[in-house]
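The values are calculated or read from the model by the stated rules, or taken from the named source; none is laboratory data. Note that the structure is a prediction, hence the values are computed from the model and not measured. When we count neighbours, we look across all protein chains shown, and the Cβ atoms used for this are built from the backbone with ideal geometry, even at glycine.
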Amino acid sequence: METAEQKLRLFNKNFVLLWAGQIVSSMGNSIQYIAMMWWIMTHFSDKESGIVMGLMFTFSVIPMAVIGPFAGVLNDRMSRKSIVILSDFLRGLLILWMAYLAYTNALTAFLIYLISAMMGIGGAFFNPAIQSTIPNIVPDKNLTRANSLYQTGMQFTQIIGPAIGGVLVGFFGPFFVFMLNGFSFIVSAGTEIFINFRQSFENDQDSKSFFTDFKAGFKFLYDQKLLFWSMIIVSVLNFAFSPLDILIAKQIKEIYHLGALELGYTVSAFAVGMMIGSILLSIIPEIKVKHNFIIIGAITTGILYVFFGFAPNLLTFLVIAFLMGLALAFVNVLFQVIIQRLVPDEKRGRIFSVMLTFETMFQPISLSVIGFLSSTLSNVIIFAILGTLVTVFSSLFYLVPGVKEV
């Protein structure tokens, strides 16, 4: 007799629906990404635009840093399916509201910050729910392939989305792009209704308080030294990577004197690299010793980060973006698989939320600081500082207890 695990296939209904729904909403996001940044750069001065973009991204990640751990406890105590559907649906309504504000020319900087914060709240509940669910709906032997395919789908939308976004902004304006993204979230919520999340709950959950579950998540993470110290290092890396979007947008507009279409090409080049890396991971035999690929990939991204500032033209900039995406694909997918396997399902929501909280808690500071510094320091200097930071701290992964066993 086959066990339930053996009967489960990679391309089952639950995984396909989850994958398809996220591709749809990710496509809308990748299109809006270009529209939002270009809208800011055309409605504010060169000096103000960097500040507004920095604060917009800051307000989008603050909710994760503040409510992330509490959202994680709810992900383990409540139906993740309900959380995912509601998060997508409400975020869709928020973006449609933003489309209306853009159409009526009422979209102010304050409203951009407000909507970004509310979208961040939705993401604080949604992201750990999805990350916790993938191991439940695919066989363990296919977990690397599943995460690789999931990332491939997301990155594919990042390839064609920004280019489409640049064209749509040029022909129809930001209102049309925002509206498309709003509907994409609602469509995604519709597909999620038919997914069986196969969620597990702790047997004594009803007798335990919310605060007890909250503390248990922190204790489990602290006891797992590999996860704990990796989380600390990744937090620093996220600090360095957070302002990359701002720096790229300013490089395209103010250094190369190009437009939204070229900005879309750059984002697409980065996504092409990540997609190819994810495809490679989905077709090659599973990598048994993952830590070398993770650490070397992270160090490579730091070196490429420095090279960004010295790129003499757009073509060189695109090549660097592609190579960075390729290296990051190995880092992200393999690290995700390690976490999913180390953490049991009934604790996964809390652990993912706590890790996401620590990984994002310094992002608001980074985005705000770099947003202001970008108006006084050159991109060359900022790229060099942040790239060096990534390279040094990526090397510290070799000192993490237990890292050589994964």
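Worth pointing out:
- Members of the stretch 392-406 found to be crowded, with 18+ Cβ neighbours inside 10 Å, within 23 Å of the chain's Cα centre (by Cα) and either polar (S, T, N, Q) or not in a helix (DSSP H, G or I) (or both), listed by number: 394
- When restricted to residues that are part of a helix (DSSP H, G or I) and either touching a strand residue (DSSP E or B) at 6+ places or on another chain (Cβ under 8 Å) or surrounded by 23 or more Cβ atoms within 10 Å (Cβ to Cβ) (or both), the stretch 132-141 contains 2.
- Residue list for the stretch 69-94, filter: surrounded by fewer than 24 Cβ atoms within 10 Å (Cβ to Cβ) and farther than 17 Å from residue 131 by Cα: 89, 90, 92, 93, 94
- The residues in the stretch 91-129 that are in a helix (DSSP H, G or I) and either more than 25 Å from residue 359 (Cα to Cα) or of a type in the set (Val, Ile, Thr) (or both) can be counted, and the count is 18.
- Checked against the criterion of being modelled with pLDDT of 90 or more, surrounded by fewer than 17 Cβ atoms within 10 Å (Cβ to Cβ) and among the hydroxyl-bearing types (Ser, Thr, Tyr), the candidates 316, 301 yield just one match: 316.
- Qualifying residue in the stretch 75-83 (condition: part of a helix (DSSP H, G or I), over 25 Å from residue 347 (Cα atoms), at pLDDT below 85 and within 23 Å of the chain's Cα centre (by Cα)): no
- Of everything in the stretch 21-51 that is within 21 Å of residue 272 (Cβ to Cβ) and β-branched (Val, Ile, Thr), the residue that is nearest to the chain's Cα centre (by Cα) is 23.
- Taken over the stretch 368-381, the criterion of being assigned to a helix (DSSP H, G or I), closer than 20 Å to residue 324 by Cβ and over 22 Å from the mean Cα position of the chain (by Cα) is satisfied by 379, 380, 381.
- Flag for residue 53 being within 25 Å of residue 27 (Cα to Cα) and without any contact (Cβ under 8 Å) to a residue 60 or more places away in the chain: no
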